[in-house]
Amino acid sequence: MKVIAALIALVGSAAAFAPSAMKTKSSAVRVVLGDLPGSSDPIKNFDPLNLAELGSDETFLWFRAAELKHSRVAMIATTGYLVN
């Protein structure tokens, strides 16, 4: 009886350290350029190279984050240039 209890405990503890099954994340919601904030009245949804259609939703959101980062760096650089 003690041997069976020890084996059950051993199997249970080994399962605690086993890697979990990888779950693929799928999103039914598609990011659309027109739904995001930032469109202006003269030219709405300005995307001449159709970069919004390239890749997946994660790629589009990465492009958006990169654009924000580079625009902030450009604004700081311009401010530094004008101050000096």
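Miscellaneous remarks
- Search result, residues across the range 1-20 that are outside any helix (DSSP H, G or I) and modelled with pLDDT of 70 or more: M1
- Residue satisfying all of: in the range 46-71; in a helix (DSSP H, G or I) and aromatic (F, W, Y); nearest to the chain's Cα centre (by Cα) among these: W62
- Taking every residue in the range 36-52 that is surrounded by 10 or more Cβ atoms within 10 Å (Cβ to Cβ) and pairing it with any residue that is of a type in the set (S, T, Y) and assigned to a loop (DSSP other than H, G, I, E, B), at least 6 positions away or on another chain, the pairs with Cβ-Cβ distances below 7 Å are N45/S39.
The values are calculated or read from the model by the stated rules, or taken from the named source; none is laboratory data. Everything numeric here is computed off the predicted structure, so don't read it as measured data. Heads up, the Cβs are rebuilt from the backbone with ideal geometry, glycines too, and the neighbour counts pull from every protein chain shown.
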